[in-house]
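Computed from the coordinates by the stated procedures, all read-outs in this text should not be read as laboratory data. Because the structure is predicted, anything quoted here is derived from the model rather than measured. Neighbour counts run over all protein chains shown; Cβ positions are idealised from the backbone, glycine included.
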Amino acid sequence: MPRLTASLRALATEDHRIAVAAVNDGIVLLDGEERRIHSAAPMTREERSERRVAWGRYALLRALARTRAPRTQAQLAEETGVTQAAISQSLKRLDGLVSRTADGWSARNVREVADAFLTQYPGARGITTGWYSLDPVTRQAQLVAEAATREGAVISGDAGADRIAPWRKPVRAVVYGRTGLNLARHGFGDADLEHASLEYTVPADQTIWATARAHSDPDPRVVGWRAGAGSEKVSSDLG
């Protein structure tokens with residue numbers, strides 16, 4: 001299931017016949033103990049309190065870095081896919097990075113906002129599968145996006161950057177989709193992530209879709225946009 005609720009935690013802690021895998025939280029509850037998926041060690045109380053990611057705040061950083069135009073909290077909420085109350089709370093946490101005028105909120109320094117996002121964002125998380133094809137990477141991404149058209153898809157990675165501003169030969173594509181997709185039906189072979197030519201991810205970060213719409217033109221379902229963080233090319237990451 002996506003998340004571990006308080007009631008389910010209490011039930012699984014009391015009844016050890018129940019095991020829970022909370023995909024978006026990255027938590028497994030087995031034999032009454034909570035564990036992170038990447039670790040065999042039981043979670044500490046501090047880890048449990050920090051397990052939820054502030055997706056809305058990261059989406060707000062992306063929005064503020066996208067354009068210097070000031071926007072109201074309601075406009076920022078629509079662009080990021082979170083509530084206006086969440087935007088208000090996030091703006092308070094970003095004190096020093098944002099400024100307010102009669103027209104709304106904007107970044108004091110776009111580079112500082114971009115750096116804050118790139119250094120803090122933990123990635124979209126969720127469930128990722130690796131696939132391989134001999135087709136050009138941009139063609140692979142387009143095929144997968146078309147296969148996921150009904151639910152919607154976001155093209156990312158090298159293929160996403162290439163759609164914005166071609167600057168090198170794409171070697172890997174990342175596609176975000178709303179549901180799982182068996183790409184073997186579309187000519188792809190299974191591959192580990194190290195050797196995959198395409199990564200398909202059902203993200204835990206649900207703000208990706210609203211952010212993509214803000215960047216997209218004219219099709220809001222398939223756009224060139226990079227959701228990841230780290231040492232990627234900043235102009236690609238931020239559209």
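Worth pointing out:
- The calculated FRET efficiency for the pair Gln84 and Thr13, based on their C-beta separation and a Förster distance of 45 Å, comes to about 0.80.
- Relative contact order %, the range 55-120, counting alpha carbon pairs below 8 Å whose residues are six or more apart: 41
- Sites Ala21 and Arg52, calculated FRET efficiency, Cβ-Cβ separation with R0 22 Å, nearest 0.05: 0.85
- Extension reserve of the Trp167-Thr101 stretch, reckoned as 0.36 nm per residue once the Cα distance is removed: 20.1 nm
- When each of the peptides 61-68, 23-30, 164-171 is scored by how many other beta carbons lie within 10 Å of its residues on average, the order from highest to lowest is 61-68, 23-30, 164-171.
- The local environment of Trp131, defined by Cβ-Cβ distances under 12 Å, has a net charge of -2 under the rule Lys, Arg +1 and Asp, Glu -1.
- Cα pair count fraction exceeding 19 Å, expressed as % - the range 55-120: 17
- Cut-off 11 Å between beta-carbons: net charge of the residues surrounding Val110, Lys and Arg +1, Asp and Glu -1: +2
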